[in-house]
1. For a quick check of your reading of the model, give me the residue pairs whose first member lies in region 182-209 and is among the aliphatic types (A, V, I, L, M), whose second is not in a helix (DSSP H, G or I), with beta-carbon atoms closer than 7 Å and at least 6 apart or on different chains.
2. Could you please tell me which pairs satisfy a Cβ distance under 6 Å, a separation of 6+ or placement on different chains, a first residue in region 23-49 that is over 20 Å from residue 294 (Cβ atoms), and a second residue that is in a helix (DSSP H, G or I)?
3. Just checking, how many residues over region 309-352 are in a helix (DSSP H, G or I), within 15 Å of residue 247 (Cα to Cα) and not β-branched (Val, Ile, Thr)?
4. Select from region 67-88 the residues that are in contact (Cβ under 8 Å) with a residue 40 or more places away in the chain and within 24 Å of residue 232 (Cβ to Cβ) and list them in ascending order.
5. If you take the residues of region 174-190 that are surrounded by 23 or more Cβ atoms within 10 Å (Cβ to Cβ) and of a type in the set (Ser, Thr, Tyr), which of them is modelled with the highest pLDDT?
6. Within region 61-87, can you find the residues that are of a type in the set (Val, Ile, Thr) and either open to solvent by 50 Å² or more (accessible area, probe 1.4 Å) or part of a helix (DSSP H, G or I) (or both)?
7. Which residue, of 140, 158, is under 30 Å from residue 293 (Cβ atoms), assigned to a helix (DSSP H, G or I) and at pLDDT 85 or above?
8. Condition check: in contact (Cβ under 8 Å) with a residue 12 or more places away in the chain and charged (D, E, K, R). Does residue 3 satisfy that?
Amino acid sequence: GARRWIARIMLTWGLLAAGMMFVRTPMHFYVMRLLLGAAEAGFFPGVIYYLTLWIPAHHRGRAIGGFYIAGPLSSAAMGAVAGGLLGLQGRLGLAGWQWLFLVEGLPAVLAGVVFLFCLPDHPEGISWLSVAEKQWLAARLAADRALATTPGEHNVLRALLDPRVLAFAGANFLLLGSYYAFNLSAPAVLQAATHLSAGQIGGFVAVGGLTGAAAMYLNARHSDLRGERYLHLVAPLLLQAAAFAVMATTHSPPLFVGAYLVLLTANWGAAAVFWLAPSEILDPRSVAVAVAAIGGFGQLGSFVMPYAWGLAKDATGDFHAGIAALIAPYLVAAAIVLVLRQGHRRRLLAAA
């Protein structure tokens with residue numbers, strides 16, 4: 001069940017994240033990062049699947065946004081406290097970076113224990129909904145399943161080879177790859193462009209987390225109210241392409257920082273709705289494996305594109321070529337989503 005799996009992931013991920021404090025050599029680092037990624041891999045598909053067991057489609061944007069909003073809020077929190085944790089250098093015999101990993105990992109371990117014993121598996125087994133409320137919820141979820149698929153259609157291989165799943169996987173490859181290519185070097189990029197201190201850059205990261213959280217909530221809510229997912233994804237993708245265009249061409253530090261904040265805000269706004277369409281076009285039994293496939297292919301982009309970013313940096317000596325190159329993936333991803341939207345509209349018209 002999702003409860004045990006999510007709890008297991010949080011426990012192992014938290015222990016490994018805290019265990020990064022013991023890294024001493026490059027090989028230690030590579031092994032721990034590999035184990036960390038493997039431990040985390042099933043978390044997001046599991047959560048999306050879990051929410052489909054509870055939340056009807058027209059309320060799911062706010063639910064997924066409410067869950068996902070922890071991402072930008074954590075960026076804001078860690079951006080604000082990372083400098084202080086690094087300043088604990090020497091306390092209890094630990095370096096500042098060791099304190100950073102310790103504080104990062106232990107809360108996940110504690111939350112994993114809470115999830116294991118407190119998270120209900122499904123609506124039928126809880127006492128805080130009445131019988132009528134449970135019946136209403138079951139009817140709404142059944143209606144959503146009927147729109148997404150036909151009885152007996154569930155097949156894991158078919159879900160993996162569904163053209164819509166493959167298209168979303170391609171879009172996620174471009175988006176995650178581009179975001180991580182930039183974000184892994186973002187502090188260095190900001191420092192090179194603005195000559196700000198590490199504490200000041202952490203402050204901007206925190207601000208971007210707060211504006212990103214607001215964008216997630218507003219975009220997810222508006223998407224639910226309008227019953228539309230695709231244009232709510234395209235708009236922030238185009239904003240991110242525009243932000244990279246500004247960063248690639250400007251020599252003004254304030255304008256560069258402003259574009260960076262737009263980039264962070266739009267990234268989280270897109271994340272709020274990206275997973276809504278896949279969860280609504282497939283049988284719920286196929287959602288977890290489809291989301292895992294889409295997410296897994298995206299993580300492949302998280303390896304390939306940062307590597308290409310590093311090659312561009314080595315070849316040119318600065319970050320400008322890499323920043324300019326990241327405009328195209330967002331435009332291509334937006335085009336993919338628009339094509340998916342056209343197909344979705346045709347299917348709805350045919351069903352009507």
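1. 189/319; 190/196; 192/319
2. Matching pairs, first to second residue: 23/29; 23/32; 32/20; 35/16; 36/16.
3. Step one: of region 309-352, the residues in a helix (DSSP H, G or I) are 309-316, 320-325, 327-351.
Applying the additional criterion that residues be within 15 Å of residue 247 (Cα to Cα) yields 320-325, 327-328, 330.
Now narrow it down to the ones that are not β-branched (Val, Ile, Thr): 320-322, 324-325, 328, 330.
Total satisfying the criteria: 7.
4. Once the filter is applied, which keeps residues that are in contact (Cβ under 8 Å) with a residue 40 or more places away in the chain and within 24 Å of residue 232 (Cβ to Cβ), region 67-88 yields 68, 69, 71, 72, 73, 74, 75, 76.
5. 178
6. First pass over region 61-87, keeping only residues of a type in the set (Val, Ile, Thr): 64, 69, 81.
Of everything in region 61-87, those that are of a type in the set (Val, Ile, Thr) and either open to solvent by 50 Å² or more (accessible area, probe 1.4 Å) or part of a helix (DSSP H, G or I) (or both) turn out to be 64, 81.
7. Details: 158 fails: at pLDDT 85 or above.
Answer to the check: 140.
8. Numbers: in contact (Cβ under 8 Å) with a residue 12 or more places away in the chain: yes; charged (D, E, K, R): yes.
Yes: the conditions hold for residue 3.
The values are calculated or read from the model by the stated rules, or taken from the named source; none is laboratory data. Given the structure is predicted, the values throughout are model-derived calculations rather than measurements. Don't worry about glycine lacking a Cβ; one is built from the backbone with ideal geometry, like all the others, and counts go over all protein chains shown. These area figures cover heavy atoms from the full protein model, side chains too; ligands, DNA and RNA do not enter into them. Shrake-Rupley method; radii C 1.70, N 1.55, O 1.52, S 1.80 Å.
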